[in-house]
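Visitor: Here's a structure for you.
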Amino acid sequence: MKALTWQGLGDVRIDEVADPVIKDPTDCIVRVTSTAICGSDLHLYNVLAPYLQPGDILGHEFMGIVEEVGPEVGNLRAGDRVVVPFNISCGRCWMCSRGLFAQCETTQVRDQNKGAALFGYTSLYGSVPGGQAELVRVPHADFGPVKLEHDHEDERYLYLSDILPTAWQGVQYADVPEGGSLAVIGLGPVGQLAVRAARHLGIEQVIGVDLVDERLALAREHGATTVDRRSVKDVGDALRELTDGRGPDSVLEAVGMEAHGNPVAHGIIATAARAPKPLARKTIETVGIDRLDALHTSIDAVRRGGTVSISGVYGGSADPMPMLTLFDKGVQMRMGQCHVRRWTPELHDLVAGADDVLALESLATHRGPLSEAPDAYRMFREKSDGCIKVILQP
Ligand SMILES: NC(=O)c1ccc[n+]([C@@H]2O[C@H](COP(=O)([O-])OP(=O)(O)OC[C@H]3O[C@@H](n4cnc5c(N)ncnc54)[C@H](O)[C@@H]3O)[C@@H](O)[C@H]2O)c1
Ligand SMILES: [Zn+2]
Ligand SMILES: [Zn+2]
């Protein structure tokens, strides 16, 4: 089959690789009909390179048709249409039974001291071949995949694999009080859906922050006030000005470790990513490797006693954090990988509504065959050609 493989820093290619086969009785094989590129994939291009091997198949946002099921998969049959959550969870362990699917104790990657295994996401998360491919082996298919009707559009449901539940969880964790305000830092696909989810949930004042024209404009179309990071001296001051001088009640950080705005950290990260793998891993595990601009902005901007909800992915172990400010302001923080399966039942119903309230069908700006994935990765990284979300068809 054809699959998108990682080859090196900033280098992904379409390769001919062996078809996946059922290995465990709870596996199924899915023939992918749509797969998306995520901001999380961009970290693989760069910072997380030391945890990849040339030939690794990327992709964790995908859906398709079940081709074959293992003997213990009673809930699915060949021909069923499914969307697959990016984290692999068993559905029965101590963590799963508490809705903490991103921490599944059956798939936890213990040799790396990490949570649940993820599709297409490095040796840190189990080196599981991903879904930017014609076929994927889906472990724990007796629990993970969400079954869909056949006549539903791919484009709405594909986002149940990751960005919609991630944005939704981010808004829930932001814990905006009645009548309160939410700032969303970063208006990529996750930030866009967070803006829409927040408005849908009745949060009146939603403020989006980014530095890309189309992304700011799209958030405004969906009811956000926006702050252009390029045109204000200090984002925290700009947000305080919009919120009675106090700062937003809650801030949702949807940028992650590669934030713009810190050239020194940028240099350290770039050097770490290029170092020989063992040295690079050591650096990542013992030095702060994250560019913390968006996170520090969130902490500065949130009002005293407010909540910071972090959806963006971070990876350093020794990042300098403004502990004095966090403590003095009495800030609450929640973060982590999304527990996708915890939100899919309620979100499935929301997505299936005739009116597409979250306007999911118009989020993708680019669509094309999987063979165009290498160019699409570059375009998404550079945010060129108005690119906000790319969907590929194998
Ligand atoms: N927690 C989870 O389970 C989960 C799931 C999916 C994605 N993510 C993470 O969420 C983040 C966003 O993902 P995405 O797909 O929307 O990616 P993206 O890279 O398209 O979006 C990031 C946005 O942040 C903006 N940005 C960069 N620096 C900024 C700054 N200093 N201030 C304000 N805005 C800034 C960029 O212009 C871009 O629009 C990534 O870190 C991704 O890894 C986490
Ligand atoms: Zn994703
Ligand atoms: Zn589990």
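The values are calculated or read from the model by the stated rules, or taken from the named source; none is laboratory data. Bear in mind the structure is a predicted one, so any value in this text is a computation, not a measurement. All Cβ positions, glycine included, derive from the backbone under ideal geometry; neighbour counts span all protein chains shown. Heavy atoms of the whole protein, side chains included, go into the accessibility calculation; ligands, DNA and RNA do not. Shrake-Rupley method; radii C 1.70, N 1.55, O 1.52, S 1.80 Å.
Let's see how each residue does on (1) modelled with pLDDT of 95 or more; (2) surrounded by fewer than 19 Cβ atoms within 10 Å (Cβ to Cβ); (3) not aromatic (Phe, Trp, Tyr):
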site: ILE207; (1), (2), (3): yes, no, yes
site: THR225; (1), (2), (3): yes, yes, yes
site: ASP249; (1), (2), (3): yes, no, yes
site: GLY261; (1), (2), (3): no, yes, yes
site: PRO276; (1), (2), (3): no, yes, yes
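Visitor: Next question, about the same structure. Counting only residues that are under 18 Å from the mean Cα position of the chain (by Cα), of a type in the set (S, T, N, Q) and over 26 Å from ARG341 (Cα atoms), how many does region 7-65 have?
Guide: Total satisfying the criteria: 1.
Visitor: Right, another one. Given (1) open to solvent by 10 Å² or more (accessible area, probe 1.4 Å); (2) within 20 Å of LYS23 (Cα to Cα); (3) in contact with a helix residue (DSSP H, G or I) (Cβ under 9 Å, 6 or more places away or on another chain), where does GLU72 come up short, assuming only one miss?
Guide: It is condition (3) that GLU72 fails.
Visitor: Right, another one. Would you tally the residues in region 206-223 being in contact with a Leu (Cβ under 8 Å, 6 or more places away or on another chain), outside any helix (DSSP H, G or I) and in contact (Cβ under 8 Å) with a residue 40 or more places away in the chain? Even if it seems obvious, please write down each step before you answer.
Guide: In the first step, residues of region 206-223 are kept if they are in contact with a Leu (Cβ under 8 Å, 6 or more places away or on another chain); the result is 206-210, 212, 215-216, 218-219.
Now restrict to residues that are outside any helix (DSSP H, G or I): 206-210, 212.
Now narrow it down to the ones that are in contact (Cβ under 8 Å) with a residue 40 or more places away in the chain: 207, 209, 212.
Residues meeting the conditions: 3.
Visitor: Now for a different question. Out of curiosity, is ASP111 open to solvent by less than 50 Å² (accessible area, probe 1.4 Å), among the charged types (D, E, K, R) and either closer than 25 Å to TYR377 by Cβ or away from ligand 2 (no atom under 16 Å from the Cβ) (or both)? If you could, list the steps in order and put the result at the bottom.
Guide: Working: open to solvent by less than 50 Å² (accessible area, probe 1.4 Å): no; among the charged types (D, E, K, R): yes; either closer than 25 Å to TYR377 by Cβ or away from ligand 2 (no atom under 16 Å from the Cβ) (or both): yes.
No; evaluated as a whole, the condition is false for this residue.
Visitor: Would you please name the residue that is farthest from ligand 3 (Cβ to nearest atom), looking only at residues in region 83-95 that are closer than 25 Å to ILE65 by Cα and crowded, with 21+ Cβ neighbours inside 10 Å?
Guide: Let us first name the residues in region 83-95 that are closer than 25 Å to ILE65 by Cα, namely 83-92.
This time we only want the ones that are crowded, with 21+ Cβ neighbours inside 10 Å, so: 83-89.
Working: VAL83: 19, VAL84: 16, PRO85: 12, PHE86: 15, ASN87: 10, ILE88: 9, SER89: 5 Å.
Filtering first and then ranking leaves VAL83.
Visitor: Please work out if ARG13 is open to solvent by 50 Å² or more (accessible area, probe 1.4 Å), in a strand (DSSP E or B) and within 30 Å of LYS383 (Cβ to Cβ).
Guide: Working: open to solvent by 50 Å² or more (accessible area, probe 1.4 Å): yes; in a strand (DSSP E or B): yes; within 30 Å of LYS383 (Cβ to Cβ): yes.
For ARG13, the condition - open to solvent by 50 Å² or more (accessible area, probe 1.4 Å), in a strand (DSSP E or B) and within 30 Å of LYS383 (Cβ to Cβ) - is met.
Visitor: Would you say LEU211 is open to solvent by less than 10 Å² (accessible area, probe 1.4 Å) and in the same structural domain as LEU295 (by TED's automatic domain parsing)? Let's see the steps before the verdict.
Guide: Numbers: open to solvent by less than 10 Å² (accessible area, probe 1.4 Å): no; in the same structural domain as LEU295 (by TED's automatic domain parsing): yes.
Criteria not met by LEU211.
Visitor: Still on this structure: Working carefully through the options LEU52, LEU76, LEU44, LEU48, find the one that is more than 16 Å from ligand 3 (Cβ to nearest atom), under 18 Å from ALA376 (Cα atoms) and in the same structural domain as ALA364 (by TED's automatic domain parsing). Break it down stepwise before answering.
Guide: Details: LEU52 fails: under 18 Å from ALA376 (Cα atoms); LEU76 fails: under 18 Å from ALA376 (Cα atoms); LEU48 fails: under 18 Å from ALA376 (Cα atoms).
The unique qualifying residue is LEU44.
Visitor: Return the pair list, or none, for Cβ contacts closer than 9 Å from residues in region 64-92 that are free of Cβ contacts under 8 Å to residues at least 60 places away in the same chain to residues that are more than 16 Å from ligand 2 (Cβ to nearest atom) and among the basic types (Lys, Arg), at least 6 apart or on different chains.
Guide: ILE65/ARG31; ILE65/ARG81
Visitor: Scanning for something hydroxyl-bearing (Ser, Thr, Tyr) and more than 28 Å from ARG156 (Cβ to Cβ), does region 29-50 turn up at least one residue? Talk me through it step by step, then tell me what you get.
Guide: The first filter runs over region 29-50 and keeps only residues hydroxyl-bearing (Ser, Thr, Tyr), leaving 33-35, 40, 45.
Now narrow it down to the ones that are more than 28 Å from ARG156 (Cβ to Cβ): none.
No, region 29-50 contains no residue that is hydroxyl-bearing (Ser, Thr, Tyr) and more than 28 Å from ARG156 (Cβ to Cβ).
Listed here are the residues, each with its yes/no results for (1) surrounded by fewer than 20 Cβ atoms within 10 Å (Cβ to Cβ); (2) under 22 Å from ALA219 (Cα atoms); (3) outside the structural domain of VAL83 (by TED's automatic domain parsing).
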{"position": "PHE327", "(1), (2), (3)": "yes, no, yes"}
{"position": "VAL351", "(1), (2), (3)": "no, yes, no"}
{"position": "SER362", "(1), (2), (3)": "yes, yes, no"}
{"position": "ASP375", "(1), (2), (3)": "yes, no, no"}
{"position": "ARG378", "(1), (2), (3)": "yes, no, no"}
{"position": "ARG381", "(1), (2), (3)": "yes, yes, no"}
{"position": "ASP385", "(1), (2), (3)": "yes, yes, no"}
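Visitor: Only residues that are under 22 Å from PRO278 (Cα atoms) and either in a loop (DSSP other than H, G, I, E, B) or aromatic (Phe, Trp, Tyr) (or both): list them for region 16-54, please. Give the steps one after another, and end with the answer.
Guide: At the first step, the residues of region 16-54 found to be under 22 Å from PRO278 (Cα atoms) are 41-54.
Across region 16-54, the qualifying residues are TYR45, ASN46, VAL47, LEU48, TYR51, LEU52, GLN53, PRO54.
Visitor: Also: Would you mind telling me which numbered condition in (1) more than 16 Å from ligand 3 (Cβ to nearest atom); (2) free of Cβ contacts under 8 Å to residues at least 12 places away in the same chain HIS60 fails?
Guide: Answer for HIS60: the failing condition is (2).
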